[in-house]
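The values are calculated or read from the model by the stated rules, or taken from the named source; none is laboratory data. Please read these numbers as outputs of a predicted model, since none were measured by experiment. For accessibility, only protein heavy atoms count, side chains too; no ligands or nucleic acids. Shrake-Rupley method; radii C 1.70, N 1.55, O 1.52, S 1.80 Å.
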Amino acid sequence: MKYSSDAVEKAIHELSKLPGVGRKSAQRHVFYLLKQSENDVQQLADALLELKSKVRNCSVCFNITENDPCPICTSEKRDRSVICVVEEANDVLALEKTGECRGLYHVLGGALSPLDGIGPDDLRVKELLQRLTEEVKEIIIATNPNTEGEATALYLAKLIKPMNIKISRIARGIPVGADLEYADEITLARAIEGRLEY
Ligand code: ZN
């Protein structure tokens, strides 16, 4: 069913493009917004626009940030000898919540997936290798425990092993096929503690 207002249809159409939002929930959100004050809706619109104008990728680790380099890369409290490699910026947030990663991060921007045509050149692998100076002693590979994540971990381990850097893979606790960002903090913290060396 279509609504007689083009504005309503347009809002539903845009909202239903969001992950996990179908037409039905988009409709619900639109009718909720219609009941809000002009000011509340303005604040939402401003917040969305600000996202695009202020947030960018850190030029070192590719985490999302408003200041480049990001606060983690510039922090003097972080252990610069350890880099934890993750697929997406969301994963940095999840790992930070555990408090177990005291080192730096590197966001690959995805995982290897030959079926989808995603190879090493599509990920920030070159950028990772450029960061592996003498200062770096350990790489923790925290890609997702699914087929793509495992393939990526193995690829990176083979690539980095000859460089005389300790490489480990987060292990215990994360269910196979699960996404890192949905793992609870305790499970994730245990997975980092129990990382296995390649
Ligand atoms: Zn950074």
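Here are a few things to note about the model shown:
- Among the protein heavy atoms of the chain, carbon and sulfur supply 54% of the accessible surface, probe 1.4 Å, non-protein parts ignored.
- Contact order normalised by residue count of the chain, Cα under 8 Å, 6+ apart, percent: 16
- Extension gain, Lys166 back to Leu51 (0.36 nm per residue minus Cα-Cα distance, nm): 37.7 nm
- Considering only the stretch 76-198, percent of DSSP beta bridges that pair antiparallel, nearest 5: 20
- Once all protein chains are placed together, His29 keeps about 80 Å² accessible to a 1.4 angstrom probe.
- Residue pairs, from the table Lys126/Lys161; Lys54/Lys126; Lys77/Lys137; Lys77/Lys158; Lys126/Lys158; Lys137/Lys158, whose Cα atoms sit over 19 Å apart: Lys54/Lys126; Lys77/Lys158
- In the calculated pair-distance distribution of the chain, the portion above 25 angstrom amounts to 47 percent of the Cα-Cα pairs.
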